[in-house]
Amino acid sequence: MLNLKVQDAINVQIKKEEFSSRLYLSMAIWCETNGYPGAAAFLYRHTEEERMHMMKFVRYVNNRGGKALVSDIEKPENDFSSLNDIFTKILVHEEYITESINNLYGITMDEKDFSTGNFLQWFITEQMEEENLMRTILDKISLVGMDKAGMFHIDKELEGMATAAKPIPAV
Ligand code: FEO
């Protein structure tokens, strides 16, 4: 049976992952309607990735004899000023999620729930990779500044990343 404190903390994380998915959906829509089809493809994919994260937690809680919770969720921001604005916000958001996963890990250690701690290792690695990826993209965007040709190139690169990415595994 899953420790109740751990279950409650995972249920809060489920809400955060769902919010992430909706935030990236909102960002993808902005990109698609503002001339950045590559960034849109990248973010649509990321929307699915966050949903997969959410589902991983849902299935884990249920498989351990607990009950996952679908919560009320706030509306994400839907107006952005630029690609730079979007990726800056993504990085800040991912740093927040990393901190949240680390806190969750801390709870599992306090509660001596080592199985969940072990399960969380995947997310700890994933967060490191996500932060690195977003930081790299943001660095490139900052480098080209307002240069339209440079931005076009970055959009193409993001499209390439979305196309080359491995299929999202079923949970
Ligand atoms: Fe589910 Fe991007 O963290």
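Scan the range 142-171 for residues that are of a type in the set (Val, Ile, Thr) and in a helix (DSSP H, G or I) and jot them down. Spell out how you get there, then give the answer.
At the first step, the residues of the range 142-171 found to be of a type in the set (Val, Ile, Thr) are 144, 154, 163, 168, 171.
If the condition is that a residue be of a type in the set (Val, Ile, Thr) and in a helix (DSSP H, G or I), then VAL144, ILE154, THR163 are the ones that fit.
Does ALA162 qualify as being closer than 23 Å to MET55 by Cα, modelled with pLDDT of 95 or more and among the small types (Gly, Ala, Ser)?
Values: closer than 23 Å to MET55 by Cα: yes; modelled with pLDDT of 95 or more: yes; among the small types (Gly, Ala, Ser): yes.
Yes.
If a residue must be within 12 Å of the ligand (Cβ to nearest atom) and open to solvent by 50 Å² or more (accessible area, probe 1.4 Å), how many such residues does the range 34-44 contain?
Of all residues in the range 34-44, those within 12 Å of the ligand (Cβ to nearest atom) come to 43.
Pick out the ones that are also open to solvent by 50 Å² or more (accessible area, probe 1.4 Å) and you get none.
Final tally of qualifying residues: 0.
How many residues are open to solvent by less than 80 Å² (accessible area, probe 1.4 Å) and either out of contact with any Cys (no Cβ under 9 Å at 6 or more places or on another chain) or within 13 Å of the ligand (Cβ to nearest atom) (or both) when one looks only at the range 78-94?
Residues of the range 78-94 open to solvent by less than 80 Å² (accessible area, probe 1.4 Å): 80, 82-91, 93-94.
In the following step, the residues that additionally are either out of contact with any Cys (no Cβ under 9 Å at 6 or more places or on another chain) or within 13 Å of the ligand (Cβ to nearest atom) (or both) were identified as 82, 84-85, 87-91, 93-94.
Matching residues across the range 78-94 total 10.
Which pairs have Cβ atoms under 8 Å, sit 6 or more apart or on different chains, and link a residue in the range 14-29 that is in a helix (DSSP H, G or I) and open to solvent by 20 Å² or more (accessible area, probe 1.4 Å) to one that is hydrophobic (A, V, I, L, M, F, W, C) and within 12 Å of the ligand (Cβ to nearest atom)?
Pairs found: LYS16/ILE97; GLU18/MET54; LEU25/LEU43.
Can we say LYS89 is under 15 Å from HIS46 (Cβ atoms), of a type outside the set (Gly, Ala, Ser), under 19 Å from the mean Cα position of the chain (by Cα) and not in a helix (DSSP H, G or I)? Even if it seems obvious, please write down each step before you answer.
Working: under 15 Å from HIS46 (Cβ atoms): yes; of a type outside the set (Gly, Ala, Ser): yes; under 19 Å from the mean Cα position of the chain (by Cα): yes; not in a helix (DSSP H, G or I): no.
No.
Only one of (1) open to solvent by less than 80 Å² (accessible area, probe 1.4 Å); (2) hydroxyl-bearing (Ser, Thr, Tyr); (3) within 22 Å of LYS15 (Cα to Cα) is not met by SER142, so which one is it?
Here SER142 meets the rest and fails (3).
Testing LYS112 on (1) outside any helix (DSSP H, G or I); (2) touching a Ser or Thr at 6+ places or on another chain (Cβ under 7 Å), one condition comes back false. Which one is that?
Among (1) outside any helix (DSSP H, G or I); (2) touching a Ser or Thr at 6+ places or on another chain (Cβ under 7 Å), the lone unmet condition for LYS112 is (2).
Just give me the residues in the range 46-62 being within 12 Å of the ligand (Cβ to nearest atom) and touching a residue at least 40 places away in the same chain (Cβ under 8 Å), in sequence order.
At the first step, the residues of the range 46-62 found to be within 12 Å of the ligand (Cβ to nearest atom) are 46-57.
Scanning the range 46-62 gives GLU48, GLU49, MET52, HIS53, MET54, MET55, LYS56, PHE57.
When you go through ASN132, ASN118 one by one, which is the residue that is more than 18 Å from SER21 (Cα to Cα), open to solvent by 80 Å² or more (accessible area, probe 1.4 Å), without any contact (Cβ under 8 Å) to a residue 40 or more places away in the chain and within 16 Å of the ligand (Cβ to nearest atom)? Full working, then the answer.
Numbers: ASN118 fails: within 16 Å of the ligand (Cβ to nearest atom).
Every option except ASN132 fails the conditions.
The values are calculated or read from the model by the stated rules, or taken from the named source; none is laboratory data. Please read all numbers here as calculations on a predicted model, not as lab measurements. Here the Cβ is made from the backbone with ideal geometry for all residues, glycine too, and neighbour counts use every protein chain on show. Remember, those area values only see protein heavy atoms, side chains included, never the ligands or the DNA or RNA. Shrake-Rupley method; radii C 1.70, N 1.55, O 1.52, S 1.80 Å.
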